[in-house]
């Protein structure tokens, strides 16, 4: 990416309603890592972002997970294809967005 002077890196980190202190520290570290990488790689045209997907429907999602996710702001579980679309747009279409954490949980409370 540095040689091409273009590219993007988006990583994901799950948000949970019940987290322990060490998990909160880990979340802060991921945010700090994202910001640091964005600052260091921005001059090379590389963006770095963090996506928090929340409850996500996959082929292994059960009915209980679907029911719990229905309590979020959009009243449904987020589909894995929606997360993939967000990641693609972060890299392909939002070259000016870097160093941010994006909550893609459907409005659930972390």
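Sort region 12-103 into rounded, prolate or oblate with this rule: let a ≥ b ≥ c be the square roots of the eigenvalues of the Cα gyration tensor; rounded if a/c is under 1.5, and if a/c is not under 1.5, prolate when a/b is larger than b/c, oblate otherwise. Oblate is the answer for region 12-103, as a/c is 1.5 or above yet b/c matches or exceeds a/b. Computed on region 12-103, with alpha-carbon pairs under 8 angstrom and 6+ residues apart, the relative contact order is 39 percent.
Summarising the label geometry, the points placed 7 Å from Cα in the beta-carbon direction at residue 92 and residue 60 lie 2.8 nm from one another.
Work out how much length residue 30 to residue 4 would gain on full extension: take 0.36 nm times their residue separation and subtract the Cα-Cα distance, in nm to one decimal.
Here the segment from residue 30 to residue 4 would lengthen by 6.8 nm.
When 97, 25 are arranged by Cβ crowding within 10 Å, least crowded first, meaning fewest neighbours, the order is 25, 97.
Just so you know, all these numbers are worked out from the coordinates, no wet-lab data involved. Computed from a predicted model, the values in this text were never measured in an experiment. We place every Cβ from the backbone using ideal geometry, glycine too, and count neighbours over all the protein chains shown.
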